[in-house]
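Please read the structure below before turning to the comments.
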Amino acid sequence: MSAEHPTAPPTRDPAGFAAFYEQQFDTVLGFVTRRIDNAPLAADLTADIFVAALEGAHTYDARRGAPVAWLYGISRNVIHAHFHGAARERQAVARISGRRLLDDQDVSAIEARIDADRAARELASAHAALSDPLRQVLDLIVVDRLTIREVAQALGISSATARVRLHRARKALRAVGRTHVTTCETLLEAAQ
């Protein structure tokens, strides 16, 4: 057994793997430090290599070579994955470079817009559920900005009937929720 490349096979039991780790640590660290010049990164990658070796100990096949060759294969894969991931990260940063990232105000504005859009969808759904006569009165007042008298004239009904329909439409919309209806009621009151 060479001191430079011990031949103890990897094992998944804690005591056996601890012995394997002790025997192979310097070899793996040397492999890593010949490729990495950052001490904390070299330590992290060495730890990652041994974690991968522990998880893959069942794949070791002595017929394919010495444990050190198996470890060098794992080491190569771990280092390659690190650099590949770092390259992807740099590409992602380059893609967003120059673009403004969202701050807390932006997030709050987006959340407010989502809430407003939700309210609009709920109000639109409640509007669609109104009977046609109620919807006609409501649309003429809110969308077209007609007065009750003008709505009555346009629909060929009395002003009292137009008021009753408007009252029923407003009552139906209140079921959607007080917050959403306030906006609609403001529009209704402004149109009268």
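The values are calculated or read from the model by the stated rules, or taken from the named source; none is laboratory data. Note that the structure is a prediction, hence the values are computed from the model and not measured. Note that each Cβ is placed from the backbone with ideal geometry, even for glycine, and that neighbours are counted across all protein chains shown. What goes into the accessible areas is simple: the full protein's heavy atoms, side chains included, and nothing from ligands, DNA or RNA. Shrake-Rupley method; radii C 1.70, N 1.55, O 1.52, S 1.80 Å.
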Tell me, what ³J(HN,Hα) does each residue in region 142-150 have, in order and in whole Hz, if you take phi through Karplus 6.51 cos²θ - 1.76 cosθ + 1.60 with θ = phi - 60° and put x for Gly and Pro? 7, 7, 8, 6, 8, 7, 4, 4, 5
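Between Leu41 and Ala92, what FRET efficiency comes out of the Förster formula 1/(1 + (r/R0)^6) with R0 = 22 Å and r the beta carbon distance, rounded to 0.05? Walk me through the numbers on the way to the answer.
On the way: r = 19 Å, r/R0 = 0.89.
For R0 = 22 Å, the calculated efficiency reads 0.65.
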Cα centroids of region 10-88 and region 107-137: how far apart, whole angstrom? 59
Can you pull the percent of region 85-174's accessible area that's carbon plus sulfur, 1.4 Å probe, other chains left in place? 52
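Accessible area per residue, 1.4 Å probe, Å², for region 1-154: what's the number? Let's see the in-between values first.
Numbers: 10270 Å² over 154 residues.
Per residue, region 1-154 has 67 Å² of solvent-accessible surface.
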How large is ³J(HN,Hα) for each residue in region 27-44, as worked out from phi by the Karplus curve 6.51 cos²θ - 1.76 cosθ + 1.60 (θ = phi - 60°), to whole Hz, x for Gly and Pro? 5, 5, 4, x, 4, 5, 5, 6, 10, 10, 9, 10, 4, x, 5, 4, 5, 4
Using a simple spin-label model with points 7 Å from Cα along the Cα→Cβ vector, what separation in nm is obtained for Leu29 and Ala120? 6.3
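What's the local net charge at Ala19, with K and R +1, D and E -1, over the other residues with C-beta under 15 Å away?
Values: positive: Arg12; negative: Asp13, Glu22, Asp26.
Spelling it out: positives minus negatives among the neighbours equals -2.
Would you kindly state how much longer the chain becomes between Ala112 and Asp132 on full extension, computed as 0.36 nm times their sequence separation minus their alpha carbon distance, in nm to one decimal? Each step should come with its number before you reach the end.
On the way: separation 20, 0.36 × 20 = 7.20 nm, distance 3.18 nm.
Residue separation times 0.36 nm, minus the Cα-Cα distance, leaves 4.0 nm.
Taking all protein chains in place and a 1.4 Å probe, what share, in percent, of the accessible surface of region 6-52 do carbon and sulfur account for? Mind showing how you got there, number by number?
On the way: 1490 of 2570 Å².
Roughly 58 percent, rounded to a whole number.
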